[in-house]
Amino acid sequence: MSNPRIAVIMSSYNGEKFIGEQIDSILAQKDVDVTLYVRDDGSTDNTVNIVRSYLNKGNVKLIVDGRNLRPGLSFLTLLKKVVKQETKYDYYAFADQDDIWLSEKLITAVKTIKDSEKPALYCSNQIIYRNGVREGMRFSVPPEMSLIGNITQNVFSGCTMVLDRELAEIVVERKTPKQDFLVPRCHDSWIFLIACVEGQPFYDHDSYILYRLHDNNVVGVKHLSLVDRLLRFKNGGVKNNRSRSAQYLLEAYPELGFTDRRYVEKMAYYRSSMKKKLSLIVDSSICKGSKEGTVAFILKVIMGYI
């Protein structure tokens, strides 16, 4: 029996410090046949030359088009290109440029989702890795898996995600959100929402990835100071992310009466009237899914910041 064929999708940007170590770990995956696709997002350092040094291996492909799309759109653009090409894969995985994958990462994902009766998405925990030291797991308890919970927050990191072919084809056929969604929420949030609606997300509380934290992380877990959070909020960086997410989901699925649709509609259109704001406030399911204090949630709804 042949090994599963997996396309690994990476967007690179000024990643010269760690990208070689990450590529080595991807190419060392056990019991799978991997092809790594790298789309450079306008690097000004030595990243492109480092990736080019791997091209003679035959299973590393590099795309350089000079555009800076930002991570979310860059990943989705590359996924669409790879899914649409003649070469077909059984699974598609996302990789950040600066992590380290343990050798069983991909085959573990395949074993988890291969028998799913629905289009499947694998996600996992992450081993926090800082200055060469493993600091423990990102999640101590299983995170929120519901549609509502993932509209209200970014939970799962794309670098842990593996999609089966059926889900990957659904993702690239659905309308891609604009940058006002993809910049703050990124590709992984969008893909998880699609998996909730049309497929089955799976979560592995174990981890097979060293999730590197450093000063120049482009995407992922960030620990912002109070001043940084206030400035981000003032500049509109987080304003209306949740209602915008709900609106894009409804645009992608105008005909679909999926579970929790009424919650999504409440989130999408609450700003149109005080009556709708009050309806959102008293909905305990949405407030609970937001994972923030009740008072904070109420104030943000009244001010139109959800």
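Screening region 2-28 for residues that are part of a loop (DSSP other than H, G, I, E, B), at negative phi and not hydroxyl-bearing (Ser, Thr, Tyr) and picking the one that is most open to solvent (accessible area, probe 1.4 Å) gives LYS17. Screening region 29-47 for residues that are more than 21 Å from LYS88 (Cα to Cα) and in contact with a Ser or Thr (Cβ under 8 Å, 6 or more places away or on another chain) and picking the one that is most open to solvent (accessible area, probe 1.4 Å) gives SER43. Being of a type in the set (A, V, I, L, M, F, W, C), open to solvent by 10 Å² or more (accessible area, probe 1.4 Å) and either free of Cβ contacts under 8 Å to residues at least 60 places away in the same chain or in contact with a helix residue (DSSP H, G or I) (Cβ under 7 Å, 6 or more places away or on another chain) (or both) is a property that does not hold for VAL162.
Rundown of residues vs (1) at pLDDT 85 or above; (2) more than 18 Å from GLY158 (Cβ to Cβ); (3) open to solvent by 30 Å² or more (accessible area, probe 1.4 Å), yes/no style:
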site: GLY199; (1), (2), (3): yes, no, no
site: PHE202; (1), (2), (3): yes, no, yes
site: SER207; (1), (2), (3): yes, no, no
site: TYR211; (1), (2), (3): yes, no, no
site: HIS214; (1), (2), (3): no, no, yes
site: ASN217; (1), (2), (3): no, no, no
site: LYS222; (1), (2), (3): no, no, yes
site: VAL227; (1), (2), (3): no, yes, yes
site: ASN235; (1), (2), (3): no, yes, yes
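List pairs: first in region 134-147 and under 18 Å from TYR122 (Cα atoms), second of a type in the set (Asp, Glu), Cβ under 7 Å, 6+ apart or cross-chain? Close Cβ pairs satisfying both conditions: LEU147/ASP260.
So which residues in region 48-77 are among the hydroxyl-bearing types (Ser, Thr, Tyr), surrounded by fewer than 22 Cβ atoms within 10 Å (Cβ to Cβ) and under 15 Å from VAL8 (Cα atoms), if there are any at all? If the condition is that a residue be among the hydroxyl-bearing types (Ser, Thr, Tyr), surrounded by fewer than 22 Cβ atoms within 10 Å (Cβ to Cβ) and under 15 Å from VAL8 (Cα atoms), then TYR54, THR77 are the ones that fit. Run down LYS57, LYS30, LYS61 and say which single residue is more than 24 Å from ILE194 (Cα to Cα), of a type outside the set (Gly, Ala, Ser) and at pLDDT below 95. Every option except LYS57 fails the conditions. Here TYR270 clears all of (1) touching a helix residue (DSSP H, G or I) at 6+ places or on another chain (Cβ under 8 Å); (2) modelled with pLDDT under 90; (3) over 17 Å from VAL183 (Cβ atoms) except the condition numbered (2). The residue list THR152, THR112 contains one member that is out of contact with any strand residue (DSSP E or B) (no Cβ under 8 Å at 6 or more places or on another chain) and open to solvent by 10 Å² or more (accessible area, probe 1.4 Å), which is THR152.
The values are calculated or read from the model by the stated rules, or taken from the named source; none is laboratory data. What you see is a predicted model; the values in this text were computed from it and never measured. When we count neighbours, we look across all protein chains shown, and the Cβ atoms used for this are built from the backbone with ideal geometry, even at glycine. All accessible areas refer to the heavy atoms of the entire protein, side chains included, with ligands and DNA or RNA removed. Shrake-Rupley method; radii C 1.70, N 1.55, O 1.52, S 1.80 Å.
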